[in-house]
Amino acid sequence: MTRRLCLALLLVIGATSGRAAGPTIAIDAASPAGKVSPLLYGLMTEEINHAYDGGLYAELVRNRAFLDDATSPVHWAVVQPDGAAATINLDRTQPLNATIGTSLRLDVTKASQGHAAGVANEGYWGIPVKPRTRYRASFYARAAPGFDGPIAVSIQSNAGRTTYASRRVSGFTRAWKRYELALDTGNVATTADARFVVSVERPGTLWLALVSLFPPTFRNQPNGFRPDLMQMLVDMKPKFLRFPGGNYLEGDQIADRFDWKKTLGPLADRPGHMAPWGYRSSDGLGLYEFLLWCEDMNAEPVLAVYAGYSLKGAHVTPGPDLEPYVQDALDEIEYVTGPPTSKWGALRAKAGHSAPFKLTYVEIGNEDFFDKSGSYDQRYAQFKAAIDARYPQLEVISTVGFEQPENRRVHSVGPDVVDEHYYRPVDVFLKMARGQYETYDRKGPKIFVGEWAAYETPFEPWDRRSRTEPPTPNMQAALGDAAFMTQMEKNSDIVVMNCYAPLLVNVSAGARQWRPNLIGYDALRVYGSPSYYAIKMFGTHVGDEILKGTATDTGVLVSATRDSRSGTIYVKLVNPADAEAPVALTLQGGRPLAPTATALTLAAARTATNSIDAPATVVPVTSKVEGVKPGFTYDVPAHGIVVLTIESR
């Protein structure tokens, strides 16, 4: 007698006797247990691991404004082959404008045809070269008397022996002028072993400022996004994007916060700022670009506003001192949601988006439970009162959740939503999956799990001593992530949003500061971790009704939702065990079921993972499940994550 037949007989016997027999998962399809939050699955982003500059933001020139270091033009090098001589220096006596206060001075003392001298940028771990591709270069330049060009703008191999694309520009004067040109590669080999070069073939002095090189971008948007990375995010179908961070919102000091007004307008008006993970942000990805990012994904913004606390401990005293920051937040909300006739809405319209963006949630700060001054209670209350008065339709999120001690939470005013962050080992997530939110008060406040990630022991999320561990998680971590998602999904009447963090990591040597991360990339390639595929599976297969699922005599974790319009049921099954787990699956009540279902399965050895060189070791597999009826058996694979899509007749 086969195991499937035995399980089927046990199911019949159990139903006859009024009790379950053997491993059983029962789903109540007759009476929904609640409504799934329409924004349950989303994305969180911040500038860490070179996620923006050198990552999603497609700019290829590193230190384009010559502001990354005060003493030397880091990431730039002089080009002076045999027969040529030149020097480069930072020059603050020839600023581009009040915002970009440093230029690069190139002094060429010896050069001739075939022996060009100039300056080269190394890019973000290389300039990615692809065949038959158009790159768009731009820069500001001015020349000393007696030099009007021409100069050559090119993409070359690092050794300078191969030129992949080149154009000449002439007509330089003593006044600053912006130049823009296209660089077209031919039938060249794909490589990242390349540099961006500006060179001349005769002596002279030239100043450069805001030097930029863009590859083709997502939907060909100017100042846009890297297409392969953006497509990975679009494919997840996120319902929201929480931005701009994270620690990136706060900065190490108040002056280093994400000052959104300084991220608007032409790039020449954006000074950039020091980010909290050891490198400078260009702010090319500013508030307006974040909003376009949301629109590109058909996602809603979850806007985090600076709340008067920075990472090194500085805080703004509630009351009059905090008022300018509260007003700044109100201005920011107006930029996002205001009509084009409003002051800040008009500035957004001028940028090219006259229609307001949809906004439901505003978060006050980030991880303010670290503020030892105890000022967050009053700071949150001051922000919330102002936002409620002007934008009563918005829900205001506290950054201190119930996972924090009672004395750190907000008490003076009731938060609409609290943000909880969890970076835990896999075994802790497996325990949390068995009841974390089922005891929470259904009357609120609601829960936003704004950062979470399971990590594998013995690895730790952040260890300054070692960067040898893999940058992205393996299958073991994905099982912990998926298990926790079943808990959030079952309780999505109160858990209104969740997002994994960090989202992105440049896997090049020296680029990252944290692990695990959802998506890895280098200059040319991109891949998703097993956790990426687990989250994508969950987020793209979810209905609007919660169905109660009860597991008996099995370690398999389950959540189930239904699309109320079509009747399609999505059953998520997670088996963290080392052995296959056969279960008797019963669906009680609801519409008649189609006889064939679809199974999307992610299963592999615990240590299996994906990498930049092996991006598809662990990927989901689609299969058909025959014989679907109110009671049928299903074998959940070892170390397996399964999404069953069960349609109605």
### Task
Give the total of Lys-Lys pairs in the range 339-404 with Cα-Cα distances below 28 Å; include a pair only if its members are 8 or more places apart or on different chains.
5
### Task
Over the range 377-515, give the accessible area per residue in Å² for a 1.4 Å probe, as an integer.
37
### Query
Any idea what the relative contact order of the chain is, in percent, if you count C-alpha pairs under 8 Å spaced at least 6 apart?
16
#### Entry: CD proxy at 222 nm, helix term only [per DSSP H run n ≥ 4: -39500 (n - 2.57); per residue of the chain; nearest 500]
-5000 deg cm²/dmol
### Under the Debye formula (equal points on every Cα, no solvent term), log10 I(q)/I(0) of the range 565-623 at q = 0.25, 0.29, 0.30 Å⁻¹
-1.23, -1.42, -1.45
### Task
Add +1 for every Lys or Arg and -1 for every Asp or Glu among the other residues with Cβ under 11 Å from the Cβ of GLY42, and state the total.
+2
## Note on the structure
Heads up, the range 67-178 by the C-alpha gyration tensor (a ≥ b ≥ c square roots of eigenvalues; a/c under 1.5 rounded, else a/b over b/c prolate, else oblate) looks rounded
### Task
Kindly give the semi-axes, whole Å and largest first, of the ellipsoid equivalent to the range 210-264, taking each as the square root of 5 times a Cα gyration tensor eigenvalue.
25, 19, 9
### Query
How far apart, in nm, are two points set 7 Å out from the Cα along the Cα-to-Cβ line at ASN220 and at VAL619?
2.9
### Query
What does the charge count near GLU332 come to, summing +1 for each Lys or Arg and -1 for each Asp or Glu among other residues with Cβ under 14 Å from its Cβ?
+1
### Task
Assuming 0.890 mPa s and 25 °C, estimate D for the chain with Stokes-Einstein, Rh taken as the Kirkwood radius over Cα pairs, in µm²/s.
91
## Note on the structure
A student applying the Cα gyration tensor rule (rounded when a/c is under 1.5; otherwise prolate if a/b is larger than b/c, oblate if not) would label the range 281-349 oblate
### Rounded tilt (10° steps) of 376-390 against the dominant C-alpha axis of the chain
90
#### Entry: Inter-label distance for SER170 and ARG390, nm, one decimal - labels placed 7 Å from Cα along Cα-to-Cβ
5.5
### Query
How many Å² of accessible area per residue for the range 181-321, probe 1.4 Å?
32
### Query
Taking all pairs of different Cα atoms in the range 85-241, averaging 1/r and flipping that mean, what Kirkwood radius in angstroms comes out?
16.9
### Eligible lysines near LYS548 by straight Cα distance, threshold 16 Å, same-chain separation 8 or greater
LYS35, LYS490, LYS572
### Query
For THR317 and ALA85 in the same chain, what is the full-extension length gain: residue separation times 0.36 nm, less their Cα-Cα distance, in nm?
77.9 nm
### Message
How large is the translational diffusion coefficient of the range 203-316 in µm² per second when you combine the Kirkwood radius over alpha carbon pairs with Stokes-Einstein at 10 °C and 1.306 mPa s?
### Response
101
## Note on the structure
For the chain, the dipole about the Cα centre with charges only on Cβ (Lys and Arg +1, Asp and Glu -1), to the nearest 20 debye, works out at 1420
### D (Stokes-Einstein, µm²/s), Kirkwood Cα radius, the range 393-536, 0.890 mPa s at 25 °C
151
### Task
Give me Rg over Rh for the range 89-146, both radii from the alpha carbons and Rh done the Kirkwood way, two decimal places.
1.02
### Query
Using alpha carbons only, how many degrees (0 to 90, rounded to 10) separate the axis of helix 530-539 from the longest principal axis of the chain?
60
### Task
Mind pulling the angle between the C-alpha long axis of helix 287-297 and the longest principal axis of the chain? Nearest 10 degrees, somewhere in 0 to 90.
50
### Message
Take GLN327 and SER72, extend 7 Å from each Cα along the Cα→Cβ direction, and tell me the distance between the two endpoints in nm.
### Response
4.4
### Task
Please work out the Kirkwood hydrodynamic radius for the range 239-302, using every pair of different C-alpha atoms, and report it in angstroms with one decimal place.
12.2
### Query
If Lys and Arg each add +1 and Asp and Glu each add -1, what is the summed charge of the other residues whose beta carbon sits under 12 Å from the beta carbon of THR102?
0
### Query
Under 13 Å from the Cα of LYS431, which aspartates and glutamates turn up, not counting those fewer than eight places away in the same chain?
ASP481
### Task
Using a 1.4 angstrom probe on heavy atoms only, work out the carbon and sulfur share of the accessible area of the chain in %.
52
### Query
To the nearest whole percent, what portion of all C-alpha pairs in the range 319-406 is separated by more than 15 angstrom?
62
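The values are calculated or read from the model by the stated rules, or taken from the named source; none is laboratory data. Note that the structure is predicted; figures quoted are calculated from it, not measured. All Cβ positions, glycine included, derive from the backbone under ideal geometry; neighbour counts span all protein chains shown. When the accessible area is computed, the model is the full protein with side chains, heavy atoms only, and any ligands, DNA or RNA have been set aside. Shrake-Rupley method; radii C 1.70, N 1.55, O 1.52, S 1.80 Å.
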